[in-house]
Amino acid sequence: MKIIDMYRSKQPVLSLEIFPPRPDYPLETVFTTIEKLIRLHPGFISVTYGAGGKTRDRTVEIAARIKKNHKIESLAHLTCVRHTRQEISDILDCLQEEGIQNIMALRGDYPEDDPDFDISKQEYRYAFELINDARNKADFGIAAAAHPEGHPECRKLSEDLVNLKHKVDCGVDFLITQLFFDNRIYYDFVDRAMAKGIECPIIPGIMPVLNAKQIKRIIYLCGASIPSKLLSLVDRYEYKPEDMEKAGIEYASRQIADLLSEHVPGIHLYTMNKADQITEIVNNVGIK
Ligand SMILES: Cc1cc2nc3c(=O)[nH]c(=O)nc-3n(C[C@H](O)[C@H](O)[C@H](O)COP(=O)(O)OP(=O)(O)OC[C@H]3O[C@@H](n4cnc5c(N)ncnc54)[C@H](O)[C@@H]3O)c2cc1C
């Protein structure tokens, strides 16, 4: 099933993002998490694509098993930077053979550990090029990323929105946002995107702050701003992990409850493979 049809028929759609375990961990560990998560009746589960390349094969395998064994739609992430056109074509073939109908088409981040990396020498420079290739190849459902506070490489949100509109016009069914902690940023972004003529659903991506150290790194990487209310929680509970987790669950639950009250088309939760905490959040807000 194409995921866009879920947003057309029943809103809000709950979706959950998981990541493949590191290569030195058994693949089965993620299925223990998935078995707990499917009790929440998500519309679909998305599986990230490892930037470093070490877990890439696992994305296809996990996405295929979610669909075949658990009968839940999966969204396989795919990044194009550092891939050749031939490699992308082979991966898309593989996804099709495995019966995966929906992909999250991304550019990916530049490698942090390669000072010689030169984007001008890459066959893919932007996500829209991957979207064009995927659209020409097969009838995939295609999602893409949106950055409500602007992508860190783009100086102006208005320019980022022009690029986003072009990306959507290449054949994107729906967008999932980068994490944000202040819903006003999302509401404002949706208004601005609509004013630019972006008409597809824009799904808010929510990451609960369950661990103070982890969140500082994530914010550094994606450039999300942190409201003073949340910052004071992170400061207060930095060395009290259980209290931090409790406060993070409560913060995310309130954020989602507010989004639901504004009739968003769906909620996409960055689960970080933490099934118990995600279950608590979903139960708090009562989304099904
Ligand atoms: C929901 C979500 C899921 C993600 N999952 C993964 C994952 O599984 N694996 C992973 O490695 N990363 C993932 N990422 C991170 C993502 O790869 C990075 O944010 C990356 O830096 C940008 O990817 P993009 O697809 O948004 O790129 P693009 O849409 O290509 O945008 C990247 C930059 O290029 C600019 N740009 C775009 N088009 C043009 C153009 N035509 N002309 C000039 N400039 C242009 C944009 O303004 C932006 O600054 C995810 C991000 C999100 C929001």
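Converting phi to 3J(HN,Hα) with the Karplus coefficients 6.51, -1.76 and 1.60 and the offset θ = phi - 60°, segment 118-126 yields 10, 4, 5, 8, 7, 6, 10, 10, 9 Hz in sequence order, with x at every glycine or proline. Remark: the GLU262-LYS216 segment gains 13.7 nm on full extension, using 0.36 nm per residue and subtracting the alpha carbon distance.
Taking amide hydrogens as placed 1.01 Å from N in the peptide plane, the amide H of ALA146 sits under 5 Å from those of ILE176, THR177, GLN178, each at least 5 positions away in sequence or on another chain. Specify whether the C-alpha gyration tensor of segment 118-180 places it in the rounded, prolate or oblate class, a ≥ b ≥ c being the square roots of the eigenvalues: rounded for a/c under 1.5, otherwise prolate if a/b is larger than b/c and oblate if not. Because a/c hits 1.5 or more and a/b fails to exceed b/c, segment 118-180 counts as oblate. Between ARG107 and residues 5 or more places away or on another chain, which pairs have amide H atoms under 5 Å apart, with H built 1.01 Å from N, and which residues are they? Result for ARG107 returns CYS80, ALA127.
Between PRO21, PRO148, PRO241, the residue with the greatest mean-square fluctuation in the GNM of the chain (Cα pairs under 10 Å linked by springs) is PRO241.
Across segment 216-225, coupling constants 3J(HN,Hα) worked out from phi with the 6.51/-1.76/1.60 Karplus curve, θ = phi - 60°, read 5, 5, 5, 5, 4, 6, 9, x, 5, 8 Hz, and Gly and Pro carry x.
Please state the shape class of segment 1-106: rounded when a/c is under 1.5, otherwise prolate if a/b exceeds b/c and oblate if not, all from the C-alpha gyration tensor. Since a/c reaches 1.5 but b/c is at least a/b, the shape of segment 1-106 is classed as oblate. Around the amide H of GLY266, modelled in the peptide plane, lie the amide H atoms of VAL13, all under 5 Å away and 5 or more residues distant in sequence or on another chain. Per-residue 3J(HN,Hα) values for segment 192-203, derived from phi via the Karplus relation 6.51 cos²θ - 1.76 cosθ + 1.60 with θ = phi - 60°, read 5, 5, 5, 5, 7, x, 7, 10, 6, x, 10, 8 Hz in sequence order (x marks Gly and Pro).
Taking the convex hull of the alpha carbon positions in the chain and averaging its projected area over all directions gives 14.7 nm². Here the gap between VAL162 and TYR110, fully extended at 0.36 nm per residue and compared with their Cα-Cα distance, gives a gain of 16.6 nm.
Where is the GNM fluctuation largest for the chain (alpha-carbon springs, 10 angstrom cutoff): GLY205, GLY171, GLY197? Evaluated over the chain, the most mobile residue of the options is GLY197. Which of rounded, prolate or oblate describes segment 44-203 when judged by the alpha-carbon gyration tensor and an a/c cut-off of 1.5? Oblate, because a/c is 1.5 or more while a/b does not exceed b/c. Take the Cα of ARG8, step 7 Å toward its Cβ, do the same at THR84, and the gap between the two points is 3.8 nm. Remark on segment 135-228: ratio of C-alpha radius of gyration to 2.2 N^0.38 Å is 1.14. Between GLU153 and ALA195, full extension at 0.36 nm per residue minus the direct alpha carbon distance yields a gain of 12.9 nm.
Here is how the number arises for the chain: DSSP H runs of 4 or more residues each give -39500 (n - 2.57), the sum is divided by the residue count, and the result at 222 nm is -14500 deg cm²/dmol. For LYS246 and ASN283, a Förster radius of 22 Å and the Cβ-Cβ distance give a FRET efficiency of 0.95, rounded to the nearest 0.05.
Just so you know, all these numbers are worked out from the coordinates, no wet-lab data involved. As the structure is a computational prediction, the values presented were derived from the model and not from experiment. Cβ atoms come from the backbone with ideal geometry, glycine included; neighbour counts cover every protein chain shown.
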